[in-house]
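All of the numbers you see were taken from the coordinates with simple rules; none came from a lab. Quick caveat: nothing in here was measured; it's all calculated off a predicted structure. Here the Cβ positions follow ideal geometry from the backbone for every residue, glycine too, while neighbour counts run over all protein chains shown.
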Amino acid sequence: MNDAQLVAKAVTTHIGDKDAWHRSSGYGERIDLALINAVLSMRARFGRQLPDGSFNGVRGAVERYRAVHPDVNTEWFETLAAQNEWDLIQLLGRAKFKGGKSKAMGIIEAARAFVAAGLTDKPKLLANPTEAEAAYRSVKGLGPWTFQYFTMLIGAESVKPDVWIIRFVAHVVGEDIAPERAFDAVRSAAELLKAGSSELDHAIWAFASSGGLRGLPRA
């Protein structure tokens, strides 16, 4: 069997029918929250709910920003582009890119790039993926896979081959693989399963990140 067939078989056997898959609600029209999530997600934990009802990790950072900028303004990127770096760090945390620049500054720069390109709402972003990716990747530190994740969070069909997706695919094919191979395997497996690539991505991520790999036979 090829990679896609192995992934599809493992999903059917160990994750189950797609009606029972764990799904992500995304961010709807809140393109700013999707951008924050995508940039902060690099080498970070999504987060879990704490005893006081708040969240830590990336989810906590996103919710802190939402609390300060609630769903009453549609100028999502314009507002984000106008943020002061230090103020945004106070909300989102001190996470940095490998080069030392704060992720908060990367988020501000990406928002400014989208505004400059005229891509300031969900329909425009989804209708112009090439221009959107060029704007996103014009910011040092931002690459193709987190761009895929950003678009997924606003409704596009894609795959983000993060550590859990790569580990799952590597496990079922029986060898270490590159992100590109995991990306292709999950997208093709989604076609075999007659599912959206984004929903399959999230189902695999939820399974793998919650310890599912421990009970998954290795090829």
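The table below gives the values:
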| item | result |
| --- | --- |
| Debye intensity ratio in log₁₀ form over the Cα atoms of segment 99-186, taken at each q of 0.14, 0.21 Å⁻¹ | -0.56, -0.99 |
| Segment ARG43-GLU29, length gained on full extension (0.36 nm per residue, minus Cα span) | 2.5 nm |
| Within-11-Å neighbourhood charge of HIS171 [Cβ basis; K, R +1; D, E -1] | +1 |
| Rel. contact order, % - alpha carbon contacts under 8 angstrom, at least six apart, the chain | 26 percent |
| Descending principal axes extents, segment 31-153, alpha-carbon based, whole Å | 42, 35, 26 |
| Efficiency of FRET from Cβ geometry, ARG94 and ARG137, R₀ 30 Å, rounded to 0.05 | 0.80 |
| Inter-probe distance in nm under a simple model that places probes 7 Å from Cα toward Cβ, at LEU126 and ASP19 | 2.6 nm |
| Nearby aspartates and glutamates by direct alpha-carbon distance to LYS124 (threshold 20 angstrom, same-chain neighbours under 8 apart not counted) | GLU29, ASP32, ASP71, GLU75, GLU78, GLU109, GLU133, GLU157 |
| Dipole in debye (nearest 20) - segment 58-182, about Cα centre, beta carbon charges: Lys, Arg +1; Asp, Glu -1 | 400 debye |
| Neighbourhood charge, 14 Å Cβ-Cβ cut-off, centred on ALA182 and excluding it, Lys, Arg +1 and Asp, Glu -1 | -3 |
| Above-threshold pairs, the threshold being 30 Å between Cα atoms, out of LYS101/LYS122; LYS103/LYS160; LYS9/LYS160; LYS98/LYS194; LYS9/LYS140 | LYS98/LYS194; LYS9/LYS140 |
| Packing rank of 177-183, 97-103, 17-23, where each peptide gets the mean count of other beta carbons within 10 Å, highest leading | 177-183, 97-103, 17-23 |
| Over the chain: helical MRE at 222 nm, DSSP H runs n ≥ 4 each giving -39500 (n - 2.57), nearest 500 | -16500 deg cm²/dmol |
